[in-house]
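What follows is one structure encoded as structure tokens, with my remarks underneath.
Here, each number is a calculation from the coordinates, and none is a lab measurement. Just so it is clear, the model here is predicted, and its values are computed rather than measured. Here Cβ is always computed from backbone atoms with ideal geometry, including for glycine, and neighbour counts include all displayed protein chains.
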Amino acid sequence: MSKDILEKGAIVQRDKETFAIAPHIPGGIATPDLLRKIADVSEKYGAAAIKVTSAQRLAIVGLKEDDLDNAWDDLGIKPGAAIGLCVRSVKICPGTTFCKRGQQDAVGLGLKLDEKYHGMELPSKLKMGVSGCMNSCAESAIKDIGIMGTPKGFTVMVGGSAGLKPRLADTIAEELDEDEVLSLVDTIISFYKSHSKKQRIGKVIEEIGLDTFKKEVGL
């Protein structure tokens, strides 16, 4: 019986024999050439499907273990952090770059966060969501760190999660500009790395209290 192969970014599938890999596509923003490359690799190695993931990636599903190294070489793209204790994903909505409803530049901010934090090792998995308006298409309120654009700036929320016991994030700051958000996220990550015992941020907040958490991150 096969298991996930963390070092190859490969997740074993239901048949316990084949694997899925997900090339990292920051913000889900892809060029035609990238899409062709993923399609070509999928076809070359007999993938069962190409699956659009909730982390804005394209997973190549149903690869044989012997083909994993060659598939990654052909792709020439780093793996998405789909498994492991790390920053798994930064989900980004179209924001003012593409969407007529955008209030803030979610793409610009989200790509900066992705570049700095994607794959960073942490005490537990962590997900971010950056939305450009209050429709919150990046599901910011159920992310460990959620950022939402408003006409007056960005709102920052912390401690959200989905899963068996979902938790809505707590709002900790409002009307921030991009630089203020980047600074606050950096402080949150630093605090989390040094204070969590393999718990997600929401659990840390529940244990120490929201007021204490806000003081610890300088609010």
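Laid out as a table, the results:
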| quantity | calculated |
| --- | --- |
| Net +/- balance of residues flanking Gly95 in space, Cβ distance below 14 Å, scoring K and R +1, D and E -1 | +1 |
| Geometric extent, Cα atoms of segment 61-219 - Rg, Dmax (angstrom) | 16.5, 52 |
| Dipole magnitude (debye, nearest 20) for the chain, charges at Cβ of Lys, Arg, Asp, Glu | 620 |
| Charge sum, other residues only, whose C-beta stays under 10 Å from Glu17's C-beta, Lys/Arg counted +1 and Asp/Glu -1 | +1 |
| Anisotropy class of segment 1-90 from Cα gyration tensor, a/c 1.5 cut | oblate |
| Under 14 Å from the Cα of Lys91 - aspartates and glutamates, other chains or at least 8 residues apart | Asp105, Asp114, Glu115, Glu139, Asp144 |
| Spatially proximal lysines relative to Lys78 (Cα-Cα < 16 Å; intrachain offsets below 8 disregarded) | Lys8, Lys37, Lys116 |
| Protection proxy ranking of 205-218, 89-102 - average other beta-carbon atoms within 10 Å, highest first | 89-102, 205-218 |
